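Some notes on the structure that comes next.
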Amino acid sequence: MVGTVWHAAAAGFEAARRLVNVPPAHRARNLHGHGFQVRVRGELPGDWAGFPGGEVQRLSDELRDVAAMLDFRLLNEVIDEPSDERLARWFSGQMGLPLEVGVQSMADRGVDLDGAGRAHAWRRYAFHAAHRLPNVPEGHKCGRMHGHGFEALIHAHGATHEQLDAAWAPVQLQLHMNCLNELAGLENPTSEMLSSWIWSRMAPVLPGLANVTVFETASCGACHDGRHWRTWKDFTLDSALQLKRAPEGSPLRRLHGHTYLLRLHLEAPLDEVMGWTLDFGDVKRLFDPVFRMLDHHPLHERADLADCDAATLSRWVLGQARERLPQVNRVDLHETAGCGATVYLGAEAPSLPI
Ligand SMILES: Nc1nc2c(c(=O)[nH]1)N=C([C@H](O)[C@H](O)COP(=O)(O)OP(=O)(O)OP(=O)(O)O)CN2
């Protein structure tokens, strides 16, 4: 399977700051601190890592070294007006690679720079609601009234977090502690329909709206960009490996293991009756044979795997998945939180969130 490979890394740092380009009464004018997270991803030059399979380790090490320059510092001593956006741009300059960069100061907000360097502020909102899917086959568990702790992730370029909050407030009032099926336009409240319903209510008041991402459970969700839907389903793999192409003496050459987060991304037209692209349950069922080839196995013993680095594994998974799920067009495989590889088909680079 061909596809384009991106690598990703993440790092954290603890730091203090004060901001002045905020409204007069804004709490960020006070000296305050955060546990920041920074994430990078992108296509790396061919031999950048020194050997195939060394990319994740080197990118993680380099990002961690850059983040260490800010750790336990007063950021205003390093960067003027150290907002999330300006921090992301500082990291972009320091890394010196064509990477997308995201910085979050809190668990529910941050700024992502897209491939064109445009800043997208994002906020993550939680709402608790009941729903049932009226068009699923008899006996499908989602035909019964049930509920979720949903989350919505809203990306908008040229917006502030306060503008996101103002645009979200009326949506929260309608969704939180309610039954979605009782809301006009949500008679069939799948993740896909919910993401476009939220889009339709926020786009008129948020001109830079870029993505609405709905997390229905911890392992699945849908993203709408005003035109298309993308869905994903997550899997956790516990596997052993050793990299054949790592240099002598490298820990990567030793027998070791990871608890991987594997994310299958799917794109398909919306089924007008079902209100979804493909049932998450069907994704899980159809992918299960591939999952069983990987989970709790020594990956380096597979004859059809050239090596077990994240990029090679992702390509292999994409090929295997598409034999059963042709709607899969992207695979993310992370060895640790935010660190791993993405392989995607087509010309369109992965959209936000990072
Ligand atoms: N494409 C969609 N498929 C499904 C949706 C949806 O909104 N879009 N919704 C459901 C159900 O609401 C269900 O609650 C969530 O799906 P599912 O992944 O099956 O539920 P789990 O996360 O509990 O599954 P795991 O067994 O934990 O993986 C069904 N399909």
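The values are calculated or read from the model by the stated rules, or taken from the named source; none is laboratory data. Remember, it's a predicted structure, so these values are computed and weren't measured experimentally. Here the Cβ positions follow ideal geometry from the backbone for every residue, glycine too, while neighbour counts run over all protein chains shown. Only protein heavy atoms, including side chains, enter the accessible area calculation; ligands, DNA and RNA are left aside. Shrake-Rupley method; radii C 1.70, N 1.55, O 1.52, S 1.80 Å.
Is it the case that Pro247 is within 24 Å of Leu313 (Cα to Cα) and not in a strand (DSSP E or B)?
yes
Taking the stated definitions as given, is Leu164 open to solvent by 50 Å² or more (accessible area, probe 1.4 Å), among the hydrophobic types (A, V, I, L, M, F, W, C) and assigned to a helix (DSSP H, G or I)?
Answer is no for this residue.
May I ask you to list the residues in segment 122-140 that are within 14 Å of the ligand (Cβ to nearest atom) and in a loop (DSSP other than H, G, I, E, B)?
Residues satisfying the conditions are Arg132, Leu133, Pro134, Asn135, Val136, Pro137, Gly139, His140.
Quickly run through segment 180-214 and pick out the residues that are assigned to a helix (DSSP H, G or I), open to solvent by 10 Å² or more (accessible area, probe 1.4 Å) and touching a residue at least 60 places away in the same chain (Cβ under 8 Å).
Result: Met193, single match.
Hey, among the residues in segment 278-287 that are of a type in the set (D, E, K, R) and exposed (fewer than 15 other Cβ atoms within 10 Å of the Cβ), which one's nearest to the ligand (Cβ to nearest atom)?
Only one residue fits best here, namely Asp282.
Exactly one of (1) open to solvent by 40 Å² or more (accessible area, probe 1.4 Å); (2) within 14 Å of Glu151 (Cβ to Cβ); (3) touching a residue at least 40 places away in the same chain (Cβ under 8 Å) is unmet by Ala218. Its number?
(3)
State which residue is farthest from Leu294 (Cα to Cα) when the search covers only segment 200-237 and only residues that are more than 16 Å from the ligand (Cβ to nearest atom) and charged (D, E, K, R).
The extreme case among them is Arg201.
Can you report the number of residues in segment 288-320 which are touching a helix residue (DSSP H, G or I) at 6+ places or on another chain (Cβ under 6 Å) and within 16 Å of the ligand (Cβ to nearest atom)?
So the answer is 1.
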